[in-house]
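No value in this document is a laboratory result; all are computed from the given coordinates. On a predicted model such as this, the values are computed, not experimentally measured, just so you know. Using ideal geometry, Cβ is built from the backbone for each residue, glycine included, and neighbour counts are taken over all protein chains shown.
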Amino acid sequence: MRNRLLNRALSVVAVCIFSPALFAQTVARQEAAPAAAPASIPDFSGLWSRLRDGAVARGYQNYVLDFGMTDSPMTAWAASKYKITGPKYHGADANTVLSDPVFSCFPPGVPRIYLYNFPMQIVQIPGQVLMLFEYDHFVRRIYTDGRPHDTGQGPMWMGDSIGEWEGDTLVVDTTGFNDKTLIDRVGRPHSDALHVVERIRRLDPDSLEIGFTIDDPKAYNKPWGAKIIFERKPDWKIMEHVCEDNTSFLDFNKKAVQQPRK
């Protein structure tokens, strides 16, 4: 009995020492492990809500439905799509807006998700920055461990996001979109070639700025972008929001615009 146990123990030791395959797997696991974020990076953790009052005074568009008041440099392809979708978003019949995919509870995409009147919570963990949106409880993962884009998932509603720190700014690079969402609530389209770059930084302890650039050569003749400012809400919490429960989604959204919570 003792000899059998001794032989088994020696066999296990031999496999661990002499097996190249096992050694290679161990090295691969170590190489794939997320790198710990530097201790000096900024802390964006907290609950944030888009700033409304005072935004214009600080140099930001106090937009209601879109990211800016100027027309974007659309290509002929995008202009033809916008000719169909655009009037639905600023026409006389507001009910036609219900043709928007978000009113069928599909994800809004990036950067459009920032336009809703719902807060988001940012959580930072080693190798990732998480954005937890109250709006339909979407979770966005921004990988900061140095990995490349995941090209094996196929087109996605929210894209594939990776980020890196440049001083006090988190630079987020997002690709891999499908073409089923819209840029904003005015109805600007995009293609599956959409590439969004965000620069996220803290202006002060209670203010967060997200500047983004839209680069989509199929839909726009040149890159364009805008900035949004958020204010910290330390006393708020993420509340339950289930898209399928909002049978009158358009009325619900109008009330949120007219009566934002304090």
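Some notes on this structure:
- In order along the stretch 213-228, the Karplus-derived 3J(HN,Hα) couplings, from 6.51 cos²θ - 1.76 cosθ + 1.60 at θ = phi - 60°, round to 10, 9, 10, 9, x, 6, 9, 9, 5, 7, x, 8, x, 6, 10, 10 Hz, and Gly and Pro are given as x.
- In this simple spin-label approximation, residue 218 and residue 139 carry label points 7 Å from Cα along the Cα→Cβ vector, and these lie 3.0 nm apart.
- Rounded to whole Hz, the Karplus (6.51, -1.76, 1.60) HN-Hα couplings of the stretch 233-243, x for glycine and proline: 10, x, 9, 8, 9, 6, 9, 6, 9, 10, 4
- Out-of-range pairs (alpha-carbon distance over 30 Å; input 83/237; 81/227; 180/227; 180/222): 83/237
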